[in-house]
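Where a number appears in this text, it was derived from the coordinates with a stated rule and is not lab data. Being a predicted model, the structure only gives us computed values, none of them experimental. Neighbour counts run over all protein chains shown; Cβ positions are idealised from the backbone, glycine included.
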């Protein structure tokens, strides 16, 4: 028998803490990112939980120790924090470095890494990068991309919580697909057919009847056979749903505020990562402009070599053209496109009573890519049953979902933001797999 105390829960000093501790003696742990050996000693850069930290050690009395150090070793270092000689925020957080007295090797790799992790940029083919993901993600640039996505999601959570939203966790194994169609993964659920969730949509709407305002940050699955730089088959969706709305403008207005807050959170928490990646943060003014799909097609017709008028959706080239137009003409890198056709939107989307054949729905475009889909939902039971039948669906197969409508729902709407797409656009990364920890696509199921 033994007792477990909280002795192991020692404080983890952050870069911000170290910046206020110049002159103090510390013992820190980390992994050796790179070593620069010189005639007088060595610079040893440690990879820590929140970035890099440079340590300096002279040769005198330490030759054997310095010779034994290698990249990817886990070590502790004891020394004194001093003002950094070289002002480099990527390796000297808050302008300090460690004048090392001793290193203790905790563990060493079994073999040398197959790529040079000391380079400023890995510069690997994307397939090689993803094949070696447990290693490549240790590189500061790769880590920084995910850290920025994490900060955005944190800001999303914090903002919505402050606005009275309740965070929920919804099933990912479902009896029916929220979006329908063929892009749904089927699974054998103890001999019964089931599906991986395409969206938490059904449960968000049920949640409106429980908490009025709900949100979730979680995985969703799409069985789309696309092999493009903008698609993966599992991604992180930032969803919210809100009740007692006057119209879908309320949903778009909430997103404007949420984006503004989340982007500020990225700037606050990831200043060094943004500097390392040379990312240019977008600025959101008092509002984000909006055009209808019909207007959007009209705009692109005058700027492209073909006219897409009458198409039920935007083509990828149109998204790029519209974003450039919005930035140049309206001063906004974000643009809402509204009123997509009924047949293009899911069965739970509210039709526009003033524009038959169109829906009270929207996409948000950002730097040439759709990053959000949302709109007002049907809250009336009879209307939802009728819409299901119009889509060729059997209402009896949606009995659980329809309980929310049958027993009363307020007018409501919501949206979903693709986290990987948003991070990719913030960072100017062409392929969203590079903003995904371990991407899943048509060809990739490991690591």
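A few points about this structure:
- For the stretch 67-106, the orientation-averaged shadow of the C-alpha convex hull comes to 3.4 nm² (one quarter of the hull surface).
- Calculated on C-alpha atoms, the gyration radius of the stretch 105-235 divided by its Kirkwood radius gives an Rg/Rh of 1.08.
- Pairs of alpha carbons in the stretch 32-109 whose separation is greater than 15 Å (percent): 51
- Working ranking of peptides 304-315, 379-390 by packing, defined as the average number of other Cβ atoms within 10 Å per residue, highest first, is 379-390, 304-315.
- Fewest-first ordering of 297, 49 by other beta carbons within 10 Å of each residue's beta carbon gives 49, 297.
- Per-residue Cβ neighbour rank within 10 angstrom, fewest leading, 91, 417: 91, 417
- Reciprocal mean inverse distance between Cα atoms of the stretch 176-334 - Kirkwood radius, Å: 19.1
- Reciprocal mean inverse distance between Cα atoms of the stretch 333-447 - Kirkwood radius, Å: 16.4
- The chain, Cα convex hull volume normalised per residue, Å³: 209
- The order of the peptides 16-27, 282-293, 230-241 by mean Cβ neighbours within 10 Å, most packed first, is 230-241, 282-293, 16-27.
- Protection proxy ranking of 274-281, 187-194, 435-442 - average other beta-carbon atoms within 10 Å, highest first: 435-442, 274-281, 187-194
- Cα-based Kirkwood hydrodynamic radius, the stretch 381-447, one decimal, Å: 15.7
- Taking the centroid of alpha carbons for each part, the stretch 335-403 and the stretch 91-113 are 54 Å apart.
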